[in-house]
Amino acid sequence: MLFLAAGDSIPPFFALLALVLSAVVVVSLVLAKFRQSLLVGYFLCGVALSSGGFLDKAGVGDTALIQSLSDTGVILLLFTLGIEFSIRELKSLRRAALLGGGIQVSLSILAALLLGMFVLGLSFSHALALGFAFSLSSTAVSLKSFQDLGQPESPQARVTLGIAIFQDLAAILFMVLIPALLSQEGDSTRSIMEALGKGLGFTMAVVAFSRFGLPQMLDAVAQTRSRELFTVTVVGLCAAVAMVSSLLNLSPALGAFAAGLVVSESIYSHRVLSDILPFKDVFLTIFFVSVGLLIDTDLLTEHWLTIGLCSLTILIIKGSIVALAARLSGLCGVAWLTTAAALASTGEFSIVLLNRLSDFSVLTPIWEQIILASTAITMALVPTLMKRAQALSAKLKQRLNIAPAYCAESLTIIEDISNLEDHIVICGYGPVGRNLHQNLLKANISTVILELNPKTVTELHSQGVACLFADSQTIEAMQLVNLERARGLAITFPDNQTALATAHVAQTLNPEIRLYARSKFVEGIGSLKAAGFHHILNDEEQSGRAMIRAVMRSYSADIEEQWQGDSTQEN
């Protein structure tokens, strides 16, 4: 009623977003109290808003408006997934990615192709396109669930990540191929070749920009030391590349993912992650709710049995295929159960592809709704399935006395920042930070550096030094350097405001952390002590002592001669 009273003064998109987020807060509080999956709640929240007539009462029930909200959520979500994508991870997980991912995607496409042709009566090209959508899982949901379980670096999570990376790369190819594959105009082979050429051209342009345009632009922005400008630039990059991709008829979601990939291999990736990741859960929330909003509740009620069977079919077939792929990727014992549960659903890329399929009338409106609802349901069930799989794995290990979680050398985690423990985090690499770092190295003490000078970060990377371009005041940056397992944190530049903000974040993650700081003036020492810093170096006091030593040194010979003369006279 509040929206109606406001009349035309509230933009419809903002009114829809406000209604969605307000409802999500209420639903989340209820689900959190009963320790239920929030993703299920987000989906049900969207369904409830749609079926309850709240959208129509608020004047925001237009399908095109809801689709715009969904597209926005997908674009922003895929941008964050692109940022988290890592070529280095692909190299370290090549067996899981290439072998496991290749097997999983190929068999999933084959299974969906057969079901599409012989159950739904689709043509080969239409069933193949449906197979593309069926083969993809939710990277965002599965990896977030591993983090919630406290197993982000477990063998199961590593195999899941490897297969998910392959899926993400395959999704790019699928989005390029679908328009040509389903086009009824002209020679399909020629259309596919043209589409591949267009996709290759777009990829080459993005790669060229990542080397000869983006670094210079981000260097200039980073030199301003403005966090606001940096964030605006990154979001603007996402929008610009997504727009170019849309103009080429390649999907703005693909462009957003490509923009994330561009940033992921730069020295600024950790800074971008620390700025953008706090919003990732918001993007995921908007995505899930918008999917629920698009569900036709009348159809859901009428075909609930078909939707249930479709959801169960997806989970069983994909779960079985993923289990096989995980086993061949090197997972032993029953560790594959968790990976199978993590990737048993269809995902956000699947919905992007389904939207593309709707443009070519591949499925009837009823089947579009059934598959959309099944996708949302299977994604929402992933966290619960993973918890159950983890509990079942633990019981089976105990009963069957299964020891190893993995048996492939390719699953060995590369020694990097994520494995550091009992280390020192150094904030700033000026003269003091450099001196501290060099002395800690001599003592064989592990370190990781946070620095906001891009030239310094690039130089340290070339030397093989663990250094991130990130702001120490953000909790995401502190999580990236594994502060929970660090022994100490040293702020090597005299900035009390930054020191206080950093200390608050650090103590939230690790109450036992040892804190070191510098204060330019005596007046600032009190606030640092109150914040819990264990060691504070006062620049005025240290400079005063150094000055005394220097001046007294120049008189030391005269003082010693005078002292010796006085001693002679006394004798």
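The figures follow:
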| item | result |
| --- | --- |
| Residue match in the range 268-291 (condition: farther than 30 Å from Ser472 by Cα, assigned to a helix (DSSP H, G or I) and β-branched (Val, Ile, Thr)) | yes |
| Subset of the range 12-53 that is of a type in the set (Phe, Trp, Tyr) and surrounded by 16 or more Cβ atoms within 10 Å (Cβ to Cβ) - its residue that is farthest from Asp148 (Cα to Cα) | Phe43 |
| Options Phe202, Phe174; residue that is modelled with pLDDT of 75 or more, buried (at least 19 other Cβ atoms within 10 Å of the Cβ) and in contact with a helix residue (DSSP H, G or I) (Cβ under 6 Å, 6 or more places away or on another chain) | Phe174 |
| Residue, surrounded by the fewest Cβ atoms within 10 Å (Cβ to Cβ), within the range 54-74, restricted to residues that are β-branched (Val, Ile, Thr) and either in contact with a Lys or Arg (Cβ under 9 Å, 6 or more places away or on another chain) or modelled with pLDDT of 75 or more (or both) | Thr72 |
| Test result for Ser311, buried (at least 19 other Cβ atoms within 10 Å of the Cβ) and outside any helix (DSSP H, G or I) | no |
| Unique residue being at pLDDT 90 or above and either under 30 Å from the mean Cα position of the chain (by Cα) or not assigned by TED's automatic domain parsing to the domain that holds Leu385 (or both) when the list is Ser145, Ser154, Ser135 | Ser135 |
| Tabulated pairs, the range 241-259, first touching a residue at least 40 places away in the same chain (Cβ under 8 Å), second among the aromatic types (Phe, Trp, Tyr), C-beta under 7 angstrom, 6+ apart or interchain | Ser245/Phe202; Leu248/Phe202; Leu250/Phe202; Ala256/Phe79; Phe257/Phe79; Ala259/Phe79 |
| Verdict on Gln438 being assigned to a helix (DSSP H, G or I) and at pLDDT 85 or above | yes |
| Breaking point among (1) hydrophobic (A, V, I, L, M, F, W, C); (2) within 25 Å of Gly162 (Cβ to Cβ); (3) buried (at least 17 other Cβ atoms within 10 Å of the Cβ), for Ala127 | (2) |
| The range 75-108 - residue that is surrounded by 21 or more Cβ atoms within 10 Å (Cβ to Cβ) and over 21 Å from Phe257 (Cα atoms) and, of those, modelled with the lowest pLDDT | Ala96 |
| Residue tally, condition in a helix (DSSP H, G or I) and touching a residue at least 24 places away in the same chain (Cβ under 8 Å), over the range 499-544 | 15 |
| Residue ID - nearest to Thr231 (Cα to Cα), chosen from residues in the range 469-479 that are aliphatic (A, V, I, L, M) and surrounded by 21 or more Cβ atoms within 10 Å (Cβ to Cβ) | Ala470 |
| Unique residue being surrounded by fewer than 24 Cβ atoms within 10 Å (Cβ to Cβ), out of contact with any Lys or Arg (no Cβ under 9 Å at 6 or more places or on another chain), modelled with pLDDT of 85 or more and among the aliphatic types (A, V, I, L, M) when the list is Leu294, Leu300, Leu324 | Leu324 |
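The values are calculated or read from the model by the stated rules, or taken from the named source; none is laboratory data. Note that the structure is predicted; figures quoted are calculated from it, not measured. As a convention, Cβ positions derive from the backbone with ideal geometry for all residues, glycine included, and neighbour counts pool all protein chains shown.
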